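Each value in this text was obtained by applying a stated rule to the coordinates, not by laboratory testing. As the structure is a prediction and not an experimental result, all values here were calculated from the model. Reconstructed Cβ throughout: ideal geometry from the backbone, glycine too, with neighbour counts over all protein chains shown.
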Amino acid sequence: SSLITTWEDLKTKFLSKYCPPARTAKKIEEINNFQQESNENIYQAWEQFKELLMKCSQHYLTEMQEVLLSID
């Protein structure tokens, strides 16, 4: 194991260990395919969407993209 000397090193090592690329890709796909369920009101759907975003902190979406995806 190499030493961690910068915050970027820490971030890279942390994400590679706890958020492997395959898992990240799956979470991003879930975000991109998000749809409000027929039995959900808008508040419930928005909360569910925000939860998806929190589970994948490296989704790289801007705030505007988040809003547009949630209402599409």
Check your understanding: Can you pull out the residues in segment 17-59 that are polar (S, T, N, Q) and without any contact (Cβ under 8 Å) to a residue 40 or more places away in the chain?
Key -> THR24, ASN32, ASN33, GLN35, GLN36, SER38, ASN39, ASN41, GLN44, GLN48, SER57
Study note, to complete from the structure: Restricting segment 9-26 to residues that are more than 11 Å from the chain's Cα centre (by Cα) and charged (D, E, K, R), the one farthest from CYS56 (Cα to Cα) turns out to be ASP9
